[in-house]
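For reference, the structure I am asking about is given below.
Computed from the coordinates by the stated procedures, all read-outs in this text should not be read as laboratory data. Only a predicted model underlies this, so the values are computations on that prediction, with no experimental measurement involved. Using ideal geometry, Cβ is built from the backbone for each residue, glycine included, and neighbour counts are taken over all protein chains shown.
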Amino acid sequence: MVEKITIKLPADLLELTGLSSENLEEKSLLIWVLEIYSQGKITLSKAANLLNMKIDVFLSEFHKRHLRHMGGPESIEEVQEEFDVVKQLKEDK
């Protein structure tokens, strides 16, 4: 079960960003997960799963913000999976 929390933000924030409250929730979750992944607190697969994203989509979001990852993969399989995704992203450019 997912426990939800409430965060109070100025109402002007929605107007400034042009986001709805639902979009703001999604955007906030994305930013938060990107941040904790960059700090090495969660794995790549966990980060992507939290956002219901494919790993390559998550990595694309991560890299377009010029973030750096401080942690490392937890297994050989995760290393290979990350390598394959990055390799594919480079080939697609």
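Identify all residues within the range 1-48 that are touching a residue at least 12 places away in the same chain (Cβ under 8 Å) and loosely packed, with under 10 Cβ neighbours inside 10 Å; write none if there are none.
I7
Yes or no: the range 49-69 includes at least one residue that is free of Cβ contacts under 8 Å to residues at least 40 places away in the same chain, in contact with a Gly (Cβ under 7 Å, 6 or more places away or on another chain) and under 18 Å from V85 (Cα atoms).
yes
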